[in-house]
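Down below is the structure, laid out as structure tokens.
Quick note: the coordinates plus some simple rules give every number you see, no bench work behind them. None of the values given here were measured: they were computed from a predicted structure. FYI the Cβ positions are ideal-geometry reconstructions off the backbone, even for glycines, and counts take in every protein chain you see.
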Amino acid sequence: MLFRIGSLILATLILTGCQNISKDDLQVLQARADKVDQLEQEYAQLKQEHASLKQSISQLNSQLEQEIKENQVLIEQNMQTGIIKVTMQQDIIFPSGSFEIDQEGAADILRKVVASLDGENKLRIVGHTDNLPVSKKWRDKFSDNWDLSARRAGEVARFLIWGTGFSPANIEVVGRAHVEPIADNTTEEGRALNRRIELFIQK
């Protein structure tokens, strides 16, 4: 309602036929009124996007309630950027010694995530490792942690594309190796937390 003030003032001045307003002044007032109207439209759009973001977060929290309680999944949101981050620990995504999606655990979680999205959402999948070098038994497949983290993120992307029908055009895959830890790499518990997949959902 406040954003209509500029337009109302302009309309009032024109209707009352104020003799002291020149053509140039009217153009300035019109430009200001147009700017106010534009701001009102942008504000309405932001309110709509904010409401949509809250709805998506609420839906995700509801669908993943059990996984969140068991600390398998962490959901965070940035109300300014409109980006939702879903963090999944590696141990629930890939069975021990495997690089295929766990069909009983992670697959179900990923399907729930996709169920909360629409066809317009962009999805950035980021793989992370701890700071330990790739073990000898895997060096024939992965040269280093950069390769390993990108492969893990890629496996999640493949599942989302082939397993849920998510559009590949809306997916970005990134491997960040060990350079963005969220816990202490000097402990096993910390390293386990650092081995993770992050899904960044953009409306």
Each residue of the range 76-84 in order: what ³J(HN,Hα) in whole Hz does its phi give by Karplus 6.51 cos²θ - 1.76 cosθ + 1.60, θ = phi - 60°, with x for Gly and Pro?
10, 9, 10, 5, 6, 8, x, 9, 9
Interchain or long-range residues, amide H under 5 Å from Gly175's placed H:
Gly127
Hz values of 3J(HN,Hα) by residue in the range 180-195 - Karplus curve (6.51, -1.76, 1.60), Gly and Pro given as x:
10, x, 10, 8, 6, 6, 8, 10, 5, 4, x, 5, 4, 5, 6, 7
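Just to confirm a number: summing +1 for Lys and Arg and -1 for Asp and Glu over residues other than Val28 whose beta-carbon lies under 13 angstrom from that of Val28, what do you get? It would help to have the intermediate numbers written out before the result.
Numbers: positive: Lys23, Arg32, Lys35; negative: Asp24, Asp25, Asp34.
Local charge sum for Val28: 0.
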Phi to ³J(HN,Hα) by Karplus 6.51 cos²θ - 1.76 cosθ + 1.60 over the range 25-41, Hz, x for Gly, Pro:
5, 5, 5, 5, 4, 5, 4, 5, 5, 4, 5, 4, 4, 5, 5, 5, 5
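Report the gain in length on full extension from Asn185 to Ala31: 0.36 nm times residue separation, minus Cα-Cα distance, nm rounded to one decimal.
Values: separation 154, 0.36 × 154 = 55.44 nm, distance 5.74 nm.
Stretched fully, the Asn185-Ala31 segment lengthens by 49.7 nm.
Give the order of Trp162, Trp146 when sorted by the count of other beta carbons within 10 angstrom, beginning with the fewest.
Numbers: Trp162 10, Trp146 17.
Starting with the residue having the fewest Cβ neighbours, the order is Trp162, Trp146.
Measure up Lys54/Lys112; Lys85/Lys136; Lys85/Lys137; Lys54/Lys122; Lys141/Lys203 against 28 Å on the Cα-Cα distance and list the ones that go over. Write down the numbers at each step before the final one.
Numbers: Lys54/Lys112 17 Å; Lys85/Lys136 33 Å; Lys85/Lys137 32 Å; Lys54/Lys122 17 Å; Lys141/Lys203 35 Å.
Cα-Cα > 28 Å for Lys85/Lys136; Lys85/Lys137; Lys141/Lys203; rest within.
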Computed Rg/Rh of the range 68-202, alpha carbon atoms with Kirkwood Rh
0.95
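Neighbouring Cβ atoms within 10 Å as the yardstick, rank Leu39, Leu160 fewest first.
Numbers: Leu39 12, Leu160 24.
Least to most surrounded, the residues fall as Leu39, Leu160.
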